[in-house]
Amino acid sequence: MTRLIEGYFSLLKILIAIFLAVMVVLVFGNVVLRYAFDSGITVSEELSRWLFVWLTFLGAIVALREHGHLGVDTVVKRLPRKGKLACLIVSQVLMLYATVLFFQGSWVQTLINWQVTAPASGASVAWLYGVGLVFSISTGLIILDGLRRAVMGDLSDDQLVIVKESEEQEQLEQLQHELAARDGRDVLVRAEPSRGTDR
């Protein structure tokens with residue numbers, strides 16, 4: 001099961017990279033064709049816009065799993081474990097509710113636009129709104145798993161705070177943990193020879 005989940009998120013990352021590359025080619029190629037040859041790629045703007053929407057939502061799924069979204073943790077990180085746990089459970093429940101609403105809206109829009117065709121490509125506009133379904137199902141499962149782990153008590157104190165105010169702060173805290181762990185090992189290494197000499 002773990003391999004399947006990892007494979008799914010690896011697929012999302014590959015799709016994000018492909019979508020970004022196709023966007024660059026379409027937009028840059030269209031600019032070159034317009035200025036150099038007075039022509040262009042008809043579907044360039046439309047397809048680039050759709051790919052950008054898909055890329056954004058797929059990236060949000062990956063970021064949610066990796067706790068990459070930014071948030072305000074000033075109060076939460078100062079709370080005791082029970083306070084952090086309560087805040088986490090409340091936030092997960094609210095996120096799950098919002099995800100359900102998003103799924104319902106995306107489902108309705110996908111059905112409404114099933115027969116509607118895009119002007120340039122002729123593809124169904126439902127493909128544009130369908131990303132909301134992929135996003136809702138994926139994030140819903142991630143949130144449910146996080147909620148289950150929180151209720152079961154499977155999370156450490158550090159894992160109870162799932163957002164950081166800035167990426168720099170997170171990097172600083174990670175570096176401090178690494179330095180503290182290394183200093184602990186250095187003290188242990190220095191202490192071992194001294195015990196040997198006492199004997």
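Being within 23 Å of residue 130 (Cβ to Cβ) and more than 25 Å from the chain's Cα centre (by Cα) narrows it down to one residue among 11, 15, 55, 26; which is it? Answer to the selection: 26.
So which residues in region 134-160 are at pLDDT below 75, closer than 13 Å to residue 92 by Cβ and either of a type outside the set (A, V, I, L, M) or not in a helix (DSSP H, G or I) (or both), if there are any at all?
Listed by number, the residues that qualify are 155, 159.
Of all residues in region 54-80, those being surrounded by 12 or more Cβ atoms within 10 Å (Cβ to Cβ) and part of a helix (DSSP H, G or I) number 14.
The values are calculated or read from the model by the stated rules, or taken from the named source; none is laboratory data. Not measured: the values here are computed from a predicted model. Because the Cβ atoms are built from the backbone with ideal geometry, glycine has one as well, and the counts that use them run over all protein chains shown.
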